[in-house]
């Protein structure tokens, strides 16, 4: 799949000003949107094993990702899916385990140690091939890549506020989604996070990829191989009960608004520290009262700075996140930049 990593970049390059003008001469925006939506819907019908008409399944995969020290880290992923409102996922990296259990409007997560690698959780995003149905994409163009093997059609979204674009490339013959890019906004910068899908095998009425890989700005970050995908006929009901000690999150498929910080405490830089570029990224859950829970450091640890950032953010207060206007527990990430407090 490495040879396809330049595909999205090539498609973006095609959407130059003159190319876009030529496209608009041929098709109106409404026509482009209709055709892109049809490509996406056909790909969903072909490969979305989590759709309402799909059978319950058990999926097992092995994966590897690039660690914080550029080392290759191995892991396993298991998912038992009965419906959108009843599922369980487990991610194991060595002796470390991350568990997620889903219900119609809540998700429970459990980690028995704070050292579970945050990067390993990207495996969930890799396995969920399509964006949520509630995410409406505004497409600007469709690039015909008939010269590729296999030939593809790539639907490209309009640029966002920071000129970020999403793109989806479909095999012309089957209509399967072979590559996607969903940009990430971090610290004011845009990163293109693209994923390749290949080696599609039959599962019931669906065709699901068995080999996958993701890249960030063309650098490989994760790859996975599906070892088993089978019908789950007699699931154990106990698997879908909230695990003791789990953190509760909201699950929303409609209008969702994230929490907004209303009161922030200034962190105290460690005494005698000289690192003017120190930043600490934290994961936290904002509960329905706007209080941070389960605050953890994400990424490389720097003890003195970590403790200062943790202490400050635990004292922050938020306007809670909502789903259709109702308060909802919400997981989010914040970055504490000590350069701003010197």
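Evaluating kT/(6 pi eta Rh) at 4 °C and 1.567 mPa s, with the Kirkwood radius of segment 254-341 over Cα pairs in the Stokes-Einstein relation, gives 96 µm² s⁻¹. Multiplying the residue separation of residue 296 and residue 201 by 0.36 nm and subtracting their alpha-carbon distance yields 30.3 nm. Counted by neighbouring Cβ atoms within 10 Å, the residues 330, 170, 240 run from fewest to most as 240, 330, 170.
If I take R0 = 35 Å and measure r between the Cβ atoms of residue 255 and residue 163 in this structure, what FRET efficiency does the formula 1/(1 + (r/R0)^6) give, to the nearest 0.05? The value I calculate is 0.85. For residue 72 and residue 172, the difference between the fully extended length at 0.36 nm per residue and the C-alpha to C-alpha distance is 32.6 nm.
Rounding to the nearest 10 and keeping the result within 0 to 90°, find how far the Cα-based axis of helix 29-47 lies from the longest principal axis of the chain. Once rounded, the angle reads 80 degrees.
Principal-axis analysis of the Cα atoms of the chain puts helix 303-313 at an angle of about 90° to the longest axis. Here each label is just a point 7 Å from Cα along the line to Cβ, and for residue 262 and residue 34 those points are 4.7 nm apart. With Cα atoms defining each centre, segment 88-160 and segment 208-261 are spaced 7 Å apart in the structure.
Note on the chain: with a GNM built from Cα contacts shorter than 10 Å, the maximum mean-square fluctuation among 326, 217, 48 falls on 326. Going by neighbour counts of Cβ atoms within 10 Å, the residues 252, 195 line up, fewest first, as 252, 195. How high is the relative contact order of the chain? Use alpha-carbon pairs under 8 Å, at least six apart in sequence, and give a whole percent. With pairs under 8 Å counted, the relative contact order is 16 percent. As a length-normalised measure over Cα pairs under 8 Å and 6 or more apart, the relative contact order of segment 19-164 settles at 17 percent. Put in line by how crowded their Cβ is, counting other Cβ atoms within 10 Å and starting with the fewest, 178, 82 read 82, 178. Working note: 222 nm ellipticity from helices only, DSSP H runs with n ≥ 4, each -39,500 (n - 2.57), summed and divided by the residues of the chain, gives -5000 deg cm²/dmol to the nearest 500.
Specify the residue with the greatest mean-square fluctuation among 84, 119, 136, computed from a Gaussian network of the chain linking alpha-carbon atoms under 10 Å apart. Taking springs between Cα atoms under 10 Å, the residue moving most is 136. Our summary gives segment 210-318 a relative contact order of 24 percent, counting only alpha carbon pairs under 8 angstrom and 6 or more residues apart. Between 263, 229, 59, the Gaussian network model of the chain with springs among Cα atoms under 10 angstrom shows the greatest mean-square fluctuation at 263.
May I ask for the percentage of alpha-carbon pairs in segment 166-219 that lie more than 18 Å from each other? Distances greater than 18 Å cover 41 percent of the Cα pairs. In the chain the Cα-Cα distances spread across 20 Å bins starting at 0 as 26, 58, 16, 0 percent of all pairs. With the simple model of a label 7 Å out from the Cα in the direction of the Cβ, residue 234 to residue 288 spans 3.8 nm. The label-point distance for residue 92 and residue 191, in a model that sets each label 7 Å from Cα toward Cβ, rounds to 2.8 nm.
For segment 23-71, the C-alpha radius of gyration sits at 1.95 times the compact-globule guess of 2.2 N^0.38 Å, with N the residue count.
Read-outs: derived from the displayed coordinates by stated rules, not from any lab. Quantities reported herein were computed from a predicted structural model and do not represent experimental measurements. Using ideal geometry, Cβ is built from the backbone for each residue, glycine included, and neighbour counts are taken over all protein chains shown.
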